[in-house]
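Asker: Below are the structure tokens for one structure; questions will follow.
Here, each number is a calculation from the coordinates, and none is a lab measurement. The model shown is predicted, which means the values in this text are computed figures rather than measured ones.
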């Protein structure tokens, strides 16, 4: 079981306030579920981009053969081994940035990948896929290790919402043996911005 959340309410940081650290310092699958419907906010100069999180993937730590941390602590995975509530941003195929949120206690090395977003404000490019959403939100490697409790990059809770969550295997992890079949991709049923059903 995950840790009990301590705070004013189970909906940490309502409105424009970032989610509290305790939101991220819980079981990774619980955090993945609870991120669905939350809003990712990136303030870049005078532009405030906002998008709703509609699809995620959970990576459970070094024992999860699909997780970067399964290769151990490296310069690339250092942030993943760090404290919860930080952005783990890395480059794939030499051209696309991906953004994750680090979860659980420091050293656990788990994270949730953001796979798709639904535009809310000042987001005009495509957001159906991890490499597309970072481009649309203006997120790149300069934000690797960034504290998600900061003003310029954070996640907020827009308020209670009833959603139905679909569970599927993660995408692009065929190399991970039996871990490739685990149902660790979660998305909002019926949402048009999901990257793949």
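Asker: Out of 101, 120, 47, any idea which swings most in a Gaussian network model of the chain, alpha carbons joined below 10 Å?
Answerer: 47
Asker: Over all Cα pairs of the stretch 21-188, how is the pair count split among 10 Å bins, expressed in % and running from 0 up to the last occupied bin?
Answerer: Distribution as computed: 11, 43, 38, 8, 0 percent.
Asker: Who wins for biggest fluctuation among 159, 85, 94 in a Gaussian network model of the chain, springs between alpha carbons below 10 Å?
Answerer: 94
Asker: Then there's this: Take the chain, connect every pair of alpha-carbon atoms lying under 10 Å apart with a spring to form a Gaussian network, then pick out the residue of 63, 146, 42 with the largest mean-square fluctuation.
Answerer: The residue with the greatest mean-square fluctuation here is 63.
Asker: Still on this model: Please work out the C-alpha center-to-center distance from the stretch 25-79 to the stretch 98-175 and express it in whole Å.
Answerer: Computed from Cα coordinates, the inter-centre distance equals 5 Å.
Asker: Sorted from largest to smallest, which semi-axis lengths in Å does the alpha carbon gyration tensor of the stretch 99-197 give for its equivalent ellipsoid, taking the root of 5 times each eigenvalue?
Answerer: 22, 19, 15
Asker: Sticking with this structure for a sec: Once you order the gyration tensor axes a ≥ b ≥ c over the Cα atoms, which shape class does the stretch 75-119 get: rounded for a/c under 1.5, otherwise prolate or oblate by comparing a/b with b/c?
Answerer: Taking the square roots of the gyration eigenvalues as a ≥ b ≥ c, the stretch 75-119 is oblate.
Asker: Would you kindly work out the equivalent ellipsoid of the stretch 61-138 from its C-alpha gyration tensor and give its semi-axes, the square roots of five times the eigenvalues, largest first in whole Å?
Answerer: Working through the eigenvalues yields semi-axes of 25, 13, 10 Å.
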